[in-house]
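Accompanying notes for the structure given below.
The values are calculated or read from the model by the stated rules, or taken from the named source; none is laboratory data. Everything numeric here is computed off the predicted structure, so don't read it as measured data. Please note: Cβ atoms are built from the backbone with ideal geometry, for glycine as well, and neighbour counts cover all protein chains shown. Ligands, DNA and RNA are stripped out before the accessible areas are found, and what is left, the full protein with its side chains, is counted by its heavy atoms. Shrake-Rupley method; radii C 1.70, N 1.55, O 1.52, S 1.80 Å.
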Amino acid sequence: MEKVELIWMNGEFVPWDDATVHVLSHGFHYGTGVFEGIRCYDGERGPAVFRLQDHLDRLATSAELFYMGMPHAVEELREATKELIRRNGLRSCYIRPLVFRGYGEMGLYAPHAPMEAMIAVWPWGTYLGEEGKQKGIRAKVSSWRRISPQGAIPHSKASGQYLNSILAKTESANAGYDEAILLDDRGLVCEGSGENIFLVREGEIVTPGHVASILDGINRKSVIQIARDLGYTVVERDIARAELYLADEVFLTGTAAELVPVREIDDHDLGEPGEMTRVIQAKFEDALCGRAEEYLEWLDEVGEPTGVPPREPTPGEVEAEEIGEPASGKVGS
Ligand SMILES: Cc1ncc(COP(=O)(O)O)c(C=O)c1O
């Protein structure tokens, strides 16, 4: 990954390499953390974060579902995110906030392990590749089922739950595919390992609803609205596995991957990205980059990069300057 200057950690901007945690941090052992993936785009109105408030609200909801308090107010995290982007001199980047149980108490019930928070930003190209976005990707239905609401909380973007996505992603990558599609515990279509899924069948756009154990994707919501505004019919309903192969078009949405067409599933050829996928993808990208007036409210403007402010001189350095000596020199020796 590409390193930048600063990470925001527990209320302070610290150098990238100093943003470390104790090895006995609770979240490190048990996955007791919640996170977000967010993107900032350098668009028509300068750098702006896509649906920052919605992502941070989901972060707070994810924490609450696992009985974890937020150590900082959402508004503070929002301002810190924008300040971090400016100070790192970035115009577009991926943004990763994480709130987790830190060091202080072990065992499964550890309400006194302090809650900690960090935000990192770094340049990161589209997750499934630029070619995937243009030509479509190859996907495989995973042998792993998406976590069931009877054993975990699919609505929460909780760190520990991602072991499920990692199993599916690893299986598909090892088998030579670009992405995994997970079924839910009922054997119905759920989502990608890090994206929501949409199909086009008989002129309608269909996507699994909330009972299918999906993560309530911010991009899913955005794409549903865009598609309806464009005059398409979008139906949230259960989807049988075979419908993946019978679909006229399939695409995935997520912050990391953005909107990516699927051209092949389980070696069934779906063909080139279809017309509806293309039209929605183009409008979605306009929305991300501030080219669509009607969706400007989704963009949170960051302002121009400022870079890292010069470090305040220490009292010793000030004194040394006054007497014309280098601060590190041994005066008088
Ligand atoms: C499991 C899972 N599903 C769906 C998504 C898509 O969510 P969003 O559009 O909010 O990025 C993500 C990405 O965060 C994810 O990890």
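At 0.36 nm per residue, minus the direct Cα-Cα distance, what do Ile153 and Glu171 gain on full extension? Give it in nm, one decimal, please. Write out the running numbers ahead of the final one.
On the way: separation 18, 0.36 × 18 = 6.48 nm, distance 2.26 nm.
So the chain would gain 4.2 nm between Ile153 and Glu171.
Can you tell me the length gained on complete extension of the stretch Val308 to Glu64, counting 0.36 nm per residue apart and subtracting the Cα distance? All intermediate terms of the calculation are to be shown ahead of the outcome.
Values: separation 244, 0.36 × 244 = 87.84 nm, distance 3.38 nm.
Length gained, Val308 through Glu64: 84.5 nm.
Just to confirm my numbers, what's the Cα centroid distance between segment 152-214 and segment 107-133 in Å?
18
Report the net charge of residues surrounding Leu6, where surrounding means a beta-carbon distance below 11 angstrom and charges are Lys +1, Arg +1, Asp -1, Glu -1. Intermediate results must be reported in sequence, preceding the final value.
On the way: positive: Lys3, Arg86, Arg87; negative: Glu5, Glu12, Asp17, Asp18, Glu83.
Computed value for this residue: -2.
Along its three principal axes, how long is segment 126-224 when you only count alpha carbons? Whole Å, largest extent first please.
For segment 126-224, the Cα spread along each principal axis is 37, 33, 23 Å.
Would you mind checking the pairs Lys3/Lys169; Lys135/Lys157; Lys221/Lys283; Lys82/Lys283 and listing those with alpha carbons more than 19 angstrom apart? If you can, show how the numbers build up before the last one.
Values: Lys3/Lys169 25 Å; Lys135/Lys157 29 Å; Lys221/Lys283 14 Å; Lys82/Lys283 25 Å.
Beyond 19 Å between Cα atoms: Lys3/Lys169; Lys135/Lys157; Lys82/Lys283.
Could you give each residue of segment 15-26 its phi-based ³J(HN,Hα) in whole Hz, using Karplus coefficients 6.51, -1.76, 1.60 with θ = phi - 60°, and x for Gly or Pro?
x, 3, 6, 8, 7, 10, 10, 5, 5, 9, 4, 4
Compute for segment 156-195: radius of gyration divided by Kirkwood radius, i.e. Rg/Rh, restricted to C-alpha atoms, rounded to two decimals. List each step's numbers first, then the result.
Values: Rg = 10.3 Å, Rh = 10.5 Å.
The Rg/Rh ratio comes out at 0.97.
For Lys133, go through the aspartates and glutamates and keep the ones whose alpha-carbon is under 16 Å away, minus same-chain ones fewer than eight residues off.
Asp178, Glu179, Glu195, Glu249, Glu258, Glu264, Glu272, Glu275, Glu285, Asp286
Evaluate the Kirkwood expression for the hydrodynamic radius of segment 1-147, namely the inverse of the mean inverse distance over all pairs of different C-alpha atoms, and round to one decimal in Å. Walk me through the numbers on the way to the answer.
Details: mean 1/r = 0.0594 Å⁻¹.
Hydrodynamic radius (Kirkwood, Cα pairs) of segment 1-147 is 16.8 Å.
What is the magnitude of the charge dipole of the chain about its Cα centre, with +1 placed on the Cβ of each Lys and Arg, -1 on the Cβ of each Asp and Glu, and no other charges, expressed in debye to the nearest 20?
Working: 33 positive and 56 negative charges, 168 e Å.
So the dipole magnitude of the chain works out to roughly 800 debye.
Would you compute, from DSSP H runs of 4+ residues alone, the mean residue ellipticity of the chain at 222 nm, taking -39500 (n - 2.57) per run and dividing by the full residue count, rounded to the nearest 500? Could the numbers behind the result be given before it?
Details: 9 runs with 92 residues, N = 333.
Result for the chain: -8000 deg cm²/dmol, rounded to the nearest 500.
Restricting attention to the alpha-carbon atoms of the chain, what are Rg (one decimal) and Dmax (integer), both in Å?
Just the Cα atoms of the chain yield Rg and Dmax of 22.6, 87 Å.
Run the accessible area of the chain with a 1.4 Å probe and give the carbon-and-sulfur part as a rounded percent. Numbers along the way, then the final one.
On the way: 8000 of 15680 Å².
Roughly 51 percent, rounded to a whole number.
Residues with beta-carbon under 10 Å from that of Gly271, excluding Gly271: net charge, scoring Lys, Arg +1 and Asp, Glu -1?
Around Gly271, the charge tally is -4.
Report ³J(HN,Hα) in whole Hz for each residue of segment 94-102, in order, from the Karplus equation J = 6.51 cos²θ - 1.76 cosθ + 1.60 where θ = phi - 60°; Gly and Pro get x.
Values, residue by residue: 8, 10, 10, x, 9, 10, 8, 7, x Hz.
Alpha carbons only, please: Rg and Dmax for segment 46-131, in angstrom.
15.1, 47
Kindly report the accessible area of segment 1-158 per residue (heavy atoms of protein chains, probe 1.4 Å, no ligands, DNA or RNA), in Å².
Details: 7470 Å² over 158 residues.
On a per-residue basis, 47 Å².
For the chain, find the longest principal axis of its Cα atoms and tell me its angle to the long axis of helix 275-288, 0 to 90°, nearest 10.
20
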